[in-house]
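Notes follow once the structure below has been shown.
The values are calculated or read from the model by the stated rules, or taken from the named source; none is laboratory data. It should be emphasised that the depicted structure is a prediction, and the values quoted were computed from it without experimental measurement. Heads up, the Cβs are rebuilt from the backbone with ideal geometry, glycines too, and the neighbour counts pull from every protein chain shown. These area figures cover heavy atoms from the full protein model, side chains too; ligands, DNA and RNA do not enter into them. Shrake-Rupley method; radii C 1.70, N 1.55, O 1.52, S 1.80 Å.
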Amino acid sequence: MTFIRKTLTSSIAIAATTLMASGAQADMSDNEVRIGYLADMSGSYRDLAGPGGLEALKMAIEDFGGSVNGVPIEVFSADDRNSADVGASTVREWLDERNVDMVSGLVASSVSLAALKVVEEKNGLAIVSGSAASSITNEHCAPTHIHWVYDTYPMANATAKAVVEQGGDSWFLLTADYAFGHAMEKDVTEVVEESGGTIVDSVRHPFPTNDFSSYILQAQGSGAKVVGLANAGADTVNAINTASQFGLVQSGQQLAGLIVFLNDIYAMGLDATQGLLLTTGWYWNMDDESREWAERYYERMGSMPGMVHAGIYSSTTHYLNTVAELGSDDPVAVRKAMAENPINDFFARNGRIREDGRMVHDMYLVKVKSPEESTHDWDLYEVLSTIPAEEAFRPLSESECKLVNN
């Protein structure tokens, strides 16, 4: 009799599990969770996210088990070629024809803004990890996307404020002429002026640009103490290398890299970049948890991950956890539920998704080490201070987002 009761109990449990799994699958569109990864895979921002970001996304899916509640996860990927038109048309095709549930990656801000308009129009879901424009969750906010890793506000605020406090009170800005550069220029100008400094002059360059000679000459002629680089990726590397060739720093001016990534420092070397102050959302050598994940990534890619790679893993994991918890990949429901759960993982400390879609988390002011201070090739940063999540990003009281009630 005992055996019969145990068998019956087991049968009921198995049946219940089967029904729950069937119900979960019924709520998953197409019986698959479909993720589209859109990024620059071959151009100026390739190293920033590119193939490495796709690999980080795949790592998150593998670590999750490759499926959600028994439903397989399928990944689509595309090279946006830093073209807003290509990005928008790719996302439209994914949503219309392939029923993609979530769009990930998203690097060049001009591409992201075009793609996000399509996502909003289709009531989809996008998680932006590579773009910098703070307007994504300010004037361009929408209930259909989340901005995960960083934006121009904390990058400008922490770095520019620190440089002004050290005496760099007159600035020349070299700006990439598109949405991200404009947003960075605006944020830096506000921080410098609020900190008691002045913007002596500025010039905008096309994106991307190989020849920075004329721009560096203008910066030298401006007499500004600081030359701020409101660009990113290969443009930043080219600008710093040109400044080195022209002896800009040797002549007494200071370079401020407003958005500089780990791969940029590695590419240029510590001789050219030592002492540079910058802000980052994450560093691979921060603690044991970060190092453990970074070393796994290194085994696959042969390079250490930057903050965007780590952020893509983090955001994908949070997304998949939420889909599993809900038993549904409905974009509206998932977006809402993602914002209800805090984020504390190897990437994000004190993370949460605000009503404007900004995922706020601790940021870090770091200094690039000298060759003598570095113990190996990727030992590049000294973490100087932690910027708490609530101080790092634009306050909601200053927000222009239509989703925020000020």
(Q) Here is a check on your reading of the model: is Phe172 out of contact with any Cys (no Cβ under 9 Å at 6 or more places or on another chain), open to solvent by 10 Å² or more (accessible area, probe 1.4 Å) and outside any helix (DSSP H, G or I)? (A) no
Q: Could you grab me the full set of residues in the range 204-228 that are over 17 Å from Val260 (Cβ atoms), open to solvent by 20 Å² or more (accessible area, probe 1.4 Å) and not in a helix (DSSP H, G or I)?
A: Arg204, Pro206, Asn210, Asp211, Gly223, Lys225
Q | Count - residues of the range 304-347 that are among the small types (Gly, Ala, Ser) and crowded, with 24+ Cβ neighbours inside 10 Å | A | 5
Q: Test Tyr364 against the stated conditions and say whether it is assigned to a strand (DSSP E or B), among the hydroxyl-bearing types (Ser, Thr, Tyr) and either touching a helix residue (DSSP H, G or I) at 6+ places or on another chain (Cβ under 6 Å) or open to solvent by 10 Å² or more (accessible area, probe 1.4 Å) (or both).
A: yes
Q: Check Leu278, Leu262, Leu248, Leu258 and return the single one that is open to solvent by less than 20 Å² (accessible area, probe 1.4 Å), more than 27 Å from the chain's Cα centre (by Cα) and aliphatic (A, V, I, L, M).
A: Leu248
Q. From the list Val191, Val237, which residue is aliphatic (A, V, I, L, M), touching an Asp or Glu at 6+ places or on another chain (Cβ under 7 Å) and assigned to a helix (DSSP H, G or I)?
A. Val237
